[in-house]
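One structure below.
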Amino acid sequence: MTNTSGLNLDNRDPNTLNEYLQVEFDDVIAEPEGTYSVNCVWKTAYKIFTGTKNCCYKFLTILCAFPIALAVGCSFAILSFQHIWCIGPALRHFRINCHIIRLYVRTCLDSCLAPCCTDMGLFFSRIRIAKGPGTDDQVV
């Protein structure tokens with residue numbers, strides 16, 4: 001069995017994975033100002049809600065936590081195996097092949113397209129636009 005000495009029993013969500021899950025009585029049931037029930041009803045409803053929620057949650061965890069933990073543990077073990085032994089090497093293989101293809105494409109573009117781009121750059125670099133005082137824009 002795995003060592004559980006580093007397990008924090010007080011803070012069971014240290015990475016705030018379930019921060020959005022607000023299920024306390026005052027997060028679910030609220031009476032607006034001016035619309036209040038009798039105090040004994042409010043207190044009893046609080047006790048029933050909290051007790052039912054806690055009992056049902058504990059029952060469901062006793063019933064389902066072990067099989068779910070087993071399934072999730074296996075699922076993440078398979079995911080890790082897949083990434084370490086299958087996807088990682090396949091991506092490395094793909095990168096090596098892409099490097100060769102990149103060199104081939106670069107060589108083709110350098111020999112076919114680069115001379116045209118260089119000539120067009122020289123052609124357009126000789127265009128001068130001058131604006132003189134009192135005259136319209138002229139293209140020289």
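The values are calculated or read from the model by the stated rules, or taken from the named source; none is laboratory data. None of the values given here were measured: they were computed from a predicted structure. Here the Cβ positions follow ideal geometry from the backbone for every residue, glycine too, while neighbour counts run over all protein chains shown.
In region 48-57, which residue that is free of Cβ contacts under 8 Å to residues at least 12 places away in the same chain and surrounded by 11 or more Cβ atoms within 10 Å (Cβ to Cβ) is nearest to F25 (Cα to Cα)? Step by step, filter region 48-57, then rank; the result is I48. Any residue in region 119-140 that's part of a loop (DSSP other than H, G, I, E, B) and of a type outside the set (D, E): show its pairings with residues that are surrounded by fewer than 10 Cβ atoms within 10 Å (Cβ to Cβ) and at pLDDT below 60 at Cβ separation under 7 Å, as long as the two are six or more apart or on different chains. Here the result reads R128/V140; K131/D137, each pair linking region 119-140 to a residue that is surrounded by fewer than 10 Cβ atoms within 10 Å (Cβ to Cβ) and at pLDDT below 60. What are the residues in region 36-52 that are among the polar types (S, T, N, Q), out of contact with any Phe, Trp or Tyr (no Cβ under 7 Å at 6 or more places or on another chain) and part of a helix (DSSP H, G or I), if any? Passing the criteria: N39, T44, T52.
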